[in-house]
Amino acid sequence: MSKIECGYTEASKKNLREDMTEWLDRHLAGDFPEEVVSLCVNLDEDGGGCDLSGCECFDPEDEDWGCEIVYDFGTENDRLLWDGYPDSDDWDDDEWDKVNESEELEKTQALVAGIVKEYCQTGKYADKLRKLQGVGVGFCDGPLQLVYQQDYK
């Protein structure tokens, strides 16, 4: 396995699901400010961790809604980092190119999106998330994967 391969095993996926669920429980326990209408799980650009952003707008047609941050849920100082992920601090340009050309970041986004989608359905604070207009998962400079959108019938 190269430095850039995540190598998710069933055990590591289970551990990430448990860690993320506990982390979400901890950070979603309090009240959200009124101006928070959507939530974005922001993945680190190397795919090895994340934080939460409460956003003041939501538009499923414009992924930039995730940039309109008004609240960090206390995650700025308590980011979720997953064990066993390669340390990108020492990566050179060639290694970053390999990461960007690989499917590892997409795999990470899909894995985290699946966990967050499940949390929106059955998590301890799923009801709070379902009151928001939308919930997405993505990288700061990449596409957001929408995992929940409020139904406006």
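Computed from the coordinates by the stated procedures, all read-outs in this text should not be read as laboratory data. Given the structure is predicted, the values throughout are model-derived calculations rather than measurements. FYI the Cβ positions are ideal-geometry reconstructions off the backbone, even for glycines, and counts take in every protein chain you see.
Long-range amide H contacts for GLN145: which residues qualify at under 5 Å (H placed 1.01 Å from N, peptide plane, sequence gap of 5 or more or a different chain)?
Excluding prolines and chain starts, which carry no amide H, the hits are VAL137, GLY138.
Under 18 Å from a label point 7 Å along Cα→Cβ of THR122: give me every residue in region 13-53 with its amide N that close.
Once the point is set 7 Å along Cα→Cβ of THR122, 13-25 turn out to lie under 18 Å by backbone N, inside region 13-53.
Holding the Cα-Cα limit at 23 Å, pick out from LYS13/LYS131; LYS14/LYS107; LYS14/LYS117 the pairs that are longer than that.
On the way: LYS13/LYS131 28 Å; LYS14/LYS107 15 Å; LYS14/LYS117 15 Å.
Checking Cα-Cα distances, LYS13/LYS131 exceed 23 Å.
How big, in percent, is the set of alpha carbon pairs in region 41-83 lying more than 11 Å apart?
On the way: 598 of 903 pairs.
Here the tail beyond 11 Å accounts for 66 percent of pairs.
Take VAL70 and GLU106, extend 7 Å from each Cα along the Cα→Cβ direction, and tell me the distance between the two endpoints in nm.
3.5 nm
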